[in-house]
Each structure stands twice: as C-alpha cells, then as structure tokens.
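> First, the structure itself, so that you have it in front of you.
The values are calculated or read from the model by the stated rules, or taken from the named source; none is laboratory data. Just so it is clear, the structure is predicted and the values come from calculations on it, not from any experiment. A quick note on method: Cβ atoms are made from the backbone with ideal geometry, for glycine too, and the neighbour counts reach across all protein chains shown. Surface areas here come from the heavy atoms of the whole protein model, side chains and all, with no ligands, DNA or RNA. Shrake-Rupley method; radii C 1.70, N 1.55, O 1.52, S 1.80 Å.
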Amino acid sequence: MRVCGGWFISQKHSQERRGEERRADAGMVNLIRAYEPILRVIMRLAGMRPQKVEIKPGTVVNVWSPTRPSGKPAVVLLHGFSADGILTWQFQALSLAGKYSVYVVDFIFFGGSATDDPDRSVAFQARCVARALGMLGVDQCTLVGVSYGGMVGFELARVEPELVRSLVVTCSVMTMTESISTDRLGKVARSAGVAFTRWSDYLLPETSKGVRTLFQIGTYKLYRRIPDWVFRQYLEAMFDYRNEKTELLEALVIPDDEDPNKIPNFLQPVRLLWGGNDKIFPLEMAQALKEKLGDTATLEHIDGAGHLVMLERPFAYNHRLRRILDSIHP
C-alpha cells in the first residue's frame, strides 16, 4: 500500500509540475512547433519531400526522400531517440542533398511513422527501414546512424549486406546488451546527479527539468546556452507515443548471450565518427568498438561535442561526414 501511495503522490506532483509549466507558457507560441513547417519548406526547396510508405497493412514509414530520382549515391540518415529524423539531421540533409540522394527515415513511433504490429525490437525497425527503402527504389546505400540509429544501422548492415554498402556510426554501440546498459545507465545517472532506473527515465522526460537533464547529458556545453522556456516547449512538442517508445527502449536491451554481434562479421567498411566528449558512449568505447570491428573500421572524433555532435557542432560534423562519404564514393 505504501508503494502505491508513494507512486500516486509522485505522479500527482509530476502532473502538478507539468500543469505549472503549461500555465507559465500560456499565451506563448510554441516555437518548436512553429519551426517544423518552416523546416519542411526549406527541405522542399533543397529537393526533398516526405513520403509515407505503407510497407504492410497497418505499418507506415515516413521517409524524407529526393523529389526527383537521380543517379547520385544514396545516403540514408537514421536518427536517435531524442527527436525525429528531419529535426535530428536537418543540417546534414541540407549539406549533402546537392551531391547525394539523401533519405531521412522516421523510425516507427517517430515523426510520421507508426504500426499496429506489437514487435518493438531493433530488428523490426531494421526490417521496416529496409522494406521502405526497397519500395522507394533504393537497392544500395550508405547508412549514417547516431545512437539508436547506429544500432539499427548495425542490424541492417548485418542482415541486408547487399543493401548496405557502407556504414557511418556516431556515438552508438553494435548492440545494447544488458551489461552495457547497466554500466552506461548507472554512470550517466551519476554524472548528472540523478537516479535513473531505466532508459525511459532519461530519454522520455516528463518535466522541463528532465529535458534539461536530457541535453545536459547529451551535449558538451550546448545545454548551458538554452533558456528554460525552450526546454518547456520541447517537452510539449516532442514526446508523443510515450507508451510505445517505452516499449521500444525495453526491447532495445537484450541478454549478453543473445548478442548477434558478439563476434562481428561485417564485410562493409564502418566509419566511426564520434563526439569527443560523449558522456553516454565515451570515446574509450568508440576505440574499443573499432578494435572489435577490426580492419574494416576507422575512427575519428570531434572535440568540444557530446552525444548529439551533429547538432552541437554541425559544421565540423558536416565537414568530416562529407570527407568520409567522398572517400566511399570517389
């Protein structure tokens, strides 16, 4: 009874805090929501448009793709858990669209993608991406994935080697095993002085303070320059499908003895591009990942940037990414 009562009080306080934040923002235009249609116009001017691909009845994958087909090499951008595809990769999509056929995928339960299928695994996300790309006519591509997107990218490269020509991974791991999850979640929580018992406590915040913590851990110094009202508006705009996303995070973690990448066997070149100050998957983990992948992998990092390096230092990231892609597609 005490546990239930404590949970009820905690939930009540959480609801009260959210109510106070909503009242504080009453009358303010949510600039994040207002920015989304502007971003859509910018992307259309850059030659991209969103396409909702029904890969099977009840499952739709939204993909920002080239307005017109071309013979340019295909680059597929896979986002992390903090935002949908186009918000995550806006700077990179604009930077690459002139030379490459850029596809920005929304994972299931992000952006315009959804399903009635109960499967929440990384493997399911990978199958959905592969099916959507196939229906859009992509038969070979370079994947660029950050964090959760990197894990989906590794899975896609493993099961669809003919589709994935090469892989660029930012701030991720091959598989989120139980041992990695326990270690990293504990250290991330201690670094921020908070108590996380599961990844949804961090990645699906319920208050603007939680959003601030999300960016405090996810960036190097960027969060210090963001005013509190932005965190409140981000909370209001970005966290839909909470139950489904919680299930995605629960399915993300697998037992160590079920890791399909325990002995990696990737034939594709893997380019690791890291935030030098990543607090979630620090640079030492990137170095260990490179050694585990062997001769097919290279590693470079960008100083002064955390986990969300492509947003925190977009120009430096774009420069490195273009150079990597140019070496893959000379």
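> What does the net charge come to around residue 73 if you take all other residues with beta carbon closer than 14 Å to its beta carbon, with K and R at +1 and D and E at -1?
Around residue 73, the charge tally is +2.
> Can you give the FRET efficiency for residue 326 and residue 40, using 1/(1 + (r/R0)^6), R0 = 35 Å, r = Cβ-Cβ distance, to the nearest 0.05?
That pair, residue 326 with residue 40, gives E of 0.80.
> Let me ask something else about it. For the chain, divide the Cα radius of gyration by the Kirkwood radius and give the resulting Rg/Rh value with two decimals.
0.95
> Given a 1.4 angstrom probe, I'd like the percentage of the accessible area of the chain that is carbon and sulfur, rounded to a whole number.
53 percent
> Related question: Near residue 269, within a Cβ-to-Cβ distance under 13 Å, what is the net charge of the other residues, with Lys and Arg +1 and Asp and Glu -1?
+2
> Based on Cβ point charges of +1 for Lys and Arg and -1 for Asp and Glu, what charge dipole magnitude is obtained for region 119-252 about its Cα centre, in debye rounded to the nearest 20?
Details: 17 positive and 15 negative charges, 132 e Å.
For region 119-252, the charge dipole is close to 640 debye.
> Could you compute the net charge surrounding residue 145? Neighbours are other residues with a C-beta less than 12 Å from the C-beta of residue 145; K and R count +1, D and E count -1.
Surrounding charge for residue 145 is 0.
> Let me ask another. What number comes out for accessible area per residue over region 191-309 if the probe is 1.4 Å? Units Å², please.
Per-residue accessible area for region 191-309 comes out at 48 Å².
> Each label point is 7 Å from the Cα along the Cα-to-Cβ direction; what then is the distance between the points at residue 183 and residue 303, in nm?
With each label placed 7 Å out from Cα toward Cβ, I get 2.6 nm.
> Using a 10 Å cut-off on Cβ atoms, rank the peptides 173-180, 308-315, 186-193, 152-159 from the highest mean neighbour count down.
Result, highest mean first: 152-159, 308-315, 173-180, 186-193.
> With r as the distance between the Cβ atoms of residue 117 and residue 162 and R0 = 22 Å, compute the FRET efficiency 1/(1 + (r/R0)^6) and round to 0.05.
0.35
> Going through the cross-link list 221/290; 221/279; 245/290; 209/245; 99/290, which pairs have a Cα-Cα distance over 22 Å in this structure?
Numbers: 221/290 26 Å; 221/279 12 Å; 245/290 29 Å; 209/245 20 Å; 99/290 28 Å.
Flagged as over cut-off: 221/290; 245/290; 99/290.
> Okay, next question. Please find the FRET efficiency linking residue 228 to residue 52, where r is the Cβ-Cβ separation and R0 is fixed at 41 Å, and quote it to the nearest 0.05.
Computed FRET efficiency for residue 228 and residue 52: 0.70.
> Sticking with this one: When DSSP beta bridges are limited to those with both residues in the chain, what percentage is antiparallel, rounded to the nearest 5? Could the numbers behind the result be given before it?
Numbers: 12 of 37 bridges.
Within the chain, antiparallel bridges account for around 30 percent of the total.
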